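Peer 1: Mind having a look at this structure? Questions to follow.
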Amino acid sequence: MILSNPFLKKVFLLFASAMMIIGCSKNSSQQGDSSIGEIKGEEVAVLTFAPDVPPPITRNHATKVIVNLEVIEKEMEMMDGVKYNFWTFGGQVPGKFIRVREGDLVEFHLKNDPSSKLPHNIDLHAVTGPGGGAVSTFTAPGHETQFSFTVLNPGLFIYHCATAPVGMHIANGMYGLILVEPKEGLPKVDKEFYVCQGDFYTKGDYGESGTQPFDMEKALEENPDYVVFNGKVGALTGENSLKANVGETVRLFVGNGGPGLTSSFHVIGEIFDNVYPEGGSTLNHNVQTTLVPPGGSAITEFKLDVPGNFILVDHAIFRAFNKGALGILQVDGPENKNIFSGQQDDRIYQPEGGAVQTMPSVDAETVKPLTKAEKLEIGKALYASTCLACHQADGKGIENAFPPLVKSDYFASNPEKIIEVITHGLTGPITVNGKPYNSVMPKQTLSDNQIASVATYVLNNFGNKGGELHADDVVKIRKRK
């Protein structure tokens, strides 16, 4: 009856066409939702401080993951004797490591400690949505915000604060890593570690003692005083060195919070068997150094074939030995002389008649007497900037390379030996605490007061018996050669 009426027939066809379009739209939308996958159950995320990493995900389905992260502003050490007011995710730099699975629904809670002076938020590069969550998490001190997102893309992603001025918030330590494991998981390895580089800009120069405020002018020039792994000079050295064994495979989750510098990440004495550049799915093999941009990441994997201390560096090398971007991977186990023999020969070679390396000379400064307390303070900073890379934060040195200063019998009976080595350098075999060493110590270009200060610092630390050396002692010893 309806179809016999031309007008009603036309209305009916238009209505049917509209319903088909709506139906197609709904089907398309439903298909998009179904591609995300079913969410089964829920769990609270295990978060870890660097260098630790949460355990691999073993479930084979997506779930709801509840993440709780707290912003804390606190004063901590940038290096021994130097403090800085860090802004943190979780109370340390970098922020806590987050580990989820592709397809998971993340319920994210950002809490800003009531003691904070400023509001903060979070931009997670793993988020598909405006601001990476920053708009949804603007959180005043003493408040908590919440939003949810589904992780669509696997990879290793940076997260950071995006509250204005964004660069300043990041430069104060507000960054970390979130790993989105692929549905099939990552290949099994023996050890996983979390390493994140950052650059810091302070009013005082590197090693200048006291609490150092942020310097915006240096930041704008991208000229940092400190470039460090895991928030502090020496964070991955001495007792805090990463530890593994011969035969194990290691995976490093490497991030770069920046905000200014690209990292040339390298492990001295190792070749990366696998690298996932920029934290993505592309896989490269047999890589010596990998670039990690600010706000970026990389995953590196390598098998440990021989024992020893392997040094993690930013291979823009002055950053490593003069600004702090240095760590140690300590590997224990049996030697393999077929892979690495160690030194097989040492002979005299003097084409120019010189035996000791010399650093450039500078004009001498007027010697002003210092108290012992002043020497210890200056010496501590000098040790960190000049000696730490070789002799290590704990003074234990590097086995078979750089001798220890801990309870050293080399200068116990004659403390002036410290001055001799610093002022004139040292080459050739020596024995320290019963072990042979044969390396080169370059002559250091330091003032008389500086040499007396660092020598006094060494005498009064690392289990040595104490004492004091003076600028006059340095002047006397300089004249011997």
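The values are calculated or read from the model by the stated rules, or taken from the named source; none is laboratory data. The structure displayed is predicted, hence computed values, not measured ones. Glycine also receives a Cβ, built like all others from the backbone with ideal geometry; neighbour counts cover every protein chain displayed.
Peer 1: Test of understanding: among Lys117, Lys111, which residue is closer than 29 Å to Asp215 by Cα, assigned to a strand (DSSP E or B) and among the charged types (D, E, K, R)?
Peer 2: Criteria check complete, one pass: Lys111.
Peer 1: Answer yes or no: is there a residue in segment 414-429 that is in contact with a Gly (Cβ under 7 Å, 6 or more places away or on another chain), surrounded by 15 or more Cβ atoms within 10 Å (Cβ to Cβ), closer than 26 Å to Asn240 by Cα and not acidic (Asp, Glu).
Peer 2: No, the conditions are met nowhere in segment 414-429.
Peer 1: How do the strands (runs of 3 or more DSSP E) wholly within segment 140-216 filter down when requiring 1 or more residues that are within 21 Å of the chain's Cα centre (by Cα): which remain?
Peer 2: Answer list for segment 140-216: 155-160, 175-181, 191-200, 210-212.
Peer 1: Let me ask something else. For segment 217-239, what are the residues that are part of a helix (DSSP H, G or I) and either at pLDDT below 95 or of a type in the set (Lys, Arg) (or both)?
Peer 2: Listed by number, the residues that qualify are Lys218, Gly238, Glu239.
Peer 1: Filter the strands (runs of 3 or more DSSP E) completely within segment 249-333 down to those with at least 3 residues that are farther than 24 Å from Glu221 by Cβ.
Peer 2: 249-258, 263-268, 272-276, 284-287, 296-303, 308-314, 326-332
Peer 1: Go through segment 444-481 and give me each residue that's under 13 Å from Val421 (Cβ atoms) and part of a loop (DSSP other than H, G, I, E, B).
Peer 2: Scanning segment 444-481 gives Gln444, Leu446, Leu469, Arg480, Lys481.
Peer 1: Which one is surrounded by the fewest Cβ atoms within 10 Å (Cβ to Cβ) among residues in segment 265-323 that are among the polar types (S, T, N, Q) and within 15 Å of Leu242 (Cβ to Cβ)?
Peer 2: Ranking the qualifying residues of segment 265-323, first place goes to Asn309.
Peer 1: Can you pull out the residues in segment 85-108 that are surrounded by fewer than 23 Cβ atoms within 10 Å (Cβ to Cβ), touching a strand residue (DSSP E or B) at 6+ places or on another chain (Cβ under 6 Å) and under 19 Å from Gly324 (Cα atoms)?
Peer 2: Asn85, Phe86
Peer 1: Does Thr358 qualify as being touching a strand residue (DSSP E or B) at 6+ places or on another chain (Cβ under 8 Å), among the β-branched types (Val, Ile, Thr), farther than 20 Å from Cys196 by Cβ and modelled with pLDDT under 60?
Peer 2: So Thr358 passes the test.
Peer 1: Is it true that Tyr206 is among the hydroxyl-bearing types (Ser, Thr, Tyr) and crowded, with 23+ Cβ neighbours inside 10 Å?
Peer 2: For Tyr206, the condition - among the hydroxyl-bearing types (Ser, Thr, Tyr) and crowded, with 23+ Cβ neighbours inside 10 Å - is not met.
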